[in-house]
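Contents: one structure, followed by commentary.
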Amino acid sequence: MSPAATSVLLAVVVALVKGILIIFVLATTFAYLTLAERKISARIQLRFGPNRVGPFGFLQPAADAVKLFLKEKAAPEGRDHFLYLLAPALAAAAALFAFATIPVNQTICIGGTGGAGPLSASCPGGYPLHWDLAHLNVGLLFILAVTSLGVYAIFLGGWASNSKYSLLGALRSSAQLISYEMAVSFALVGPILLAGSLNLEAIVGQQHSLWFVFLQPLGFLLYFTAGLAETNRLPFDLPEAEAELVAGYHTEYAGMRFGLFFMAEYINMITVSSIATVMFLGGWMAPLWFLPNWLGPLWFGAKVGLLLFIMIWVRWTFPRLRYDRLMQFGWKVLLPLGLANILVTAVFVAVR
Amino acid sequence: MTVIFGLAALLAFLGGVGVVTSRRTLYAALSLVLNMVALAVLFLLLDAQFLAAVQIIVYAGAVMVLFVFIIALLAPGAEERVRPLELRVLLGGLAAVVFTVVVGRLTLNGITVGPNGQLHGGLGPFNPVTVNAHGQVQTLGEQLFTTFLLPFEVTSVLLLVAAVGAVYLSRRRRPGEEE
């Protein structure tokens, strides 16, 4: 085999292995995130939560999965057949795809000279192992692009269901996602300006002495708040306000079709937490100076876990906003604050 | 590379055909989304990562979402069939031919075809090597704010005018209507 063909084959195999690994890890985290949500909510409300299936309820996710797969796939009359089936698949695909450029560790040089550098630049004679599926220079923009396609899944799902609750939920959801997307992007401009790069690995590399959360506290708060809204979490879960809209855009979905929407929501939570970790919390860097840096993925996972816990905690602490207040908050509070943050950061970077 | 190019080009083509042939307006809009995403893949193959990301964020993620939104809300009926030899069909066909010739001519600028059908051409100042060495976003930003500053500012004024116009139209009250 020629060297070129070998390198193509190697790239394909590596990408396949990474892709399967990412899907496996995300699906497992999703399953246990649902359990964590139920356990933590139960503790907050002085209940026990699921504790019958396996020790401490650890097999509950498996039981849930079996239930979702075996349930009757009831579907509404007068639906748009193609879009009704496309929407859940699109939701799950967009959620999984967004994870492709998130680096969970620094590039490691296998063989060759150069050693483990902070960046992918040098690895002569060896194979640079990137800890993300696609090592793009515009990794952050890629994530924003893919997550912006998730709106289609929600809107088409609600529209194709031929139900007024679904349609109203879908309308609210899409309007909310579009509005808060601006706030998310604006909040992320701060770290980008400080790092001078859109490459996620380079952005983490810039934080080796000081995490950006200490330079961008406002940016972090803005991002996390807008991120809660982007993932339709309380106090911004208007799209599925059960008292008014039954279950919002996925009212008419059952079985695993509903399961895919459900999975997409939880994986989006993981993605938002991962982006916050990469952009503000120093990614794979050890949280304290005396801890070893080579445990990168572990530190990454711990930081993501902490943010996920806060997301669940917030859900059981704050009441839901009214819809007009939600829109006002997004456009009149988050957006101007984000703009001001960009302005201050830009001046700071320019005079530095 | 060739396989991915073939797939993306096929999808882009199918999307384009879908826009024209779909009888239901929502499907036509969704075909356009497919076309745009496939175009973004083609940009990626051309080493233009930034352009690919922006193509999806701006066109597929923002503009087309509003299109789909409005189509689904206004629920227009199926399109009327046009007769093949109507004047607008002929005019549209003529426009398509002119557009193809102009774009093809511009693309082939400075490219010569060798005896065995292979293409030869010189690299301009902004080729993948120089752009990647300097950084894609950096190059684009610098050019946008130096060489192309005037067109850039004029475009932003145009957008501002459109936004002001939209606000004016939506806020206008008919005579006798209460605030």
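Quick rundown of the values:
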{"item": "Residue satisfying condition, being of a type in the set (Ser, Thr, Tyr), at pLDDT 85 or above and not assigned by TED's automatic domain parsing to the domain that holds B:ALA48, within set B:THR147, B:THR112, B:THR107", "result": "B:THR147"}
{"item": "Residue count for region A:144-168, restricted to those that are touching a Phe, Trp or Tyr at 6+ places or on another chain (Cβ under 8 Å) and within 11 Å of chain B (Cβ to nearest Cβ)", "result": "6"}
{"item": "Only listed residue being at pLDDT below 85, in a helix (DSSP H, G or I) and closer than 30 Å to A:VAL138 by Cα, chosen from B:PHE69, B:PHE50", "result": "B:PHE69"}
{"item": "Check on B:PHE99, surrounded by 14 or more Cβ atoms within 10 Å (Cβ to Cβ), at pLDDT 85 or above and aromatic (Phe, Trp, Tyr)", "result": "no"}
{"item": "Total residues in region B:78-89, condition modelled with pLDDT of 65 or more and outside any helix (DSSP H, G or I)", "result": "2"}
{"item": "Subset of region B:25-67 that is of a type in the set (Val, Ile, Thr) and farther than 22 Å from A:TYR180 by Cα - its residue that is nearest to the chain's Cα centre (by Cα)", "result": "B:VAL37"}
{"item": "Counted residues, region A:41-69 - those being more than 24 Å from A:THR317 (Cα to Cα) and touching a residue at least 24 places away in the same chain (Cβ under 8 Å)", "result": "7"}
{"item": "Options A:TRP289, A:TRP299, A:TRP284, A:TRP294; residue that is out of contact with any strand residue (DSSP E or B) (no Cβ under 8 Å at 6 or more places or on another chain), buried (at least 21 other Cβ atoms within 10 Å of the Cβ), of a type outside the set (Gly, Ala, Ser) and at pLDDT below 85", "result": "A:TRP284"}
{"item": "Which numbered condition A:ASN232 misses (of (1) in contact with a Pro (Cβ under 6 Å, 6 or more places away or on another chain); (2) open to solvent by less than 50 Å² (accessible area, probe 1.4 Å); (3) part of a helix (DSSP H, G or I))", "result": "(3)"}
{"item": "Residue within region A:180-199 that is of a type in the set (S, T, N, Q), within 14 Å of another protein chain (Cβ to nearest Cβ) and in contact with a Leu (Cβ under 7 Å, 6 or more places away or on another chain) present", "result": "yes"}
{"item": "Residue ID - nearest to the other protein chains (Cβ to nearest Cβ), chosen from residues in region B:19-29 that are in a helix (DSSP H, G or I) and either open to solvent by 30 Å² or more (accessible area, probe 1.4 Å) or modelled with pLDDT of 90 or more (or both)", "result": "B:TYR27"}
{"item": "Within region B:31-46, tally of residues that are at the interface with chain A (Cβ under 10 Å from one of its Cβ atoms) and open to solvent by 30 Å² or more (accessible area, probe 1.4 Å)", "result": "2"}
{"item": "Test for B:GLY6: is it among the small types (Gly, Ala, Ser), surrounded by fewer than 17 Cβ atoms within 10 Å (Cβ to Cβ) and over 30 Å from A:SER7 (Cβ atoms)", "result": "no"}
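Residues checked against (1) open to solvent by 10 Å² or more (accessible area, probe 1.4 Å); (2) farther than 27 Å from A:ASP324 by Cα; (3) among the hydroxyl-bearing types (Ser, Thr, Tyr):
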| site | (1), (2), (3) |
| --- | --- |
| A:LEU168 | yes, no, no |
| A:SER174 | no, no, yes |
| A:ILE178 | yes, no, no |
| A:SER185 | yes, no, yes |
| A:ALA202 | yes, yes, no |
| A:LEU210 | yes, yes, no |
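The values are calculated or read from the model by the stated rules, or taken from the named source; none is laboratory data. In this text the structure is predicted, and so the values were computed from the model without any measurement. Glycine also receives a Cβ, built like all others from the backbone with ideal geometry; neighbour counts cover every protein chain displayed. Note: accessible area is taken over every heavy atom of the protein model, side chains too, but ligands, DNA and RNA are not part of it. Shrake-Rupley method; radii C 1.70, N 1.55, O 1.52, S 1.80 Å.
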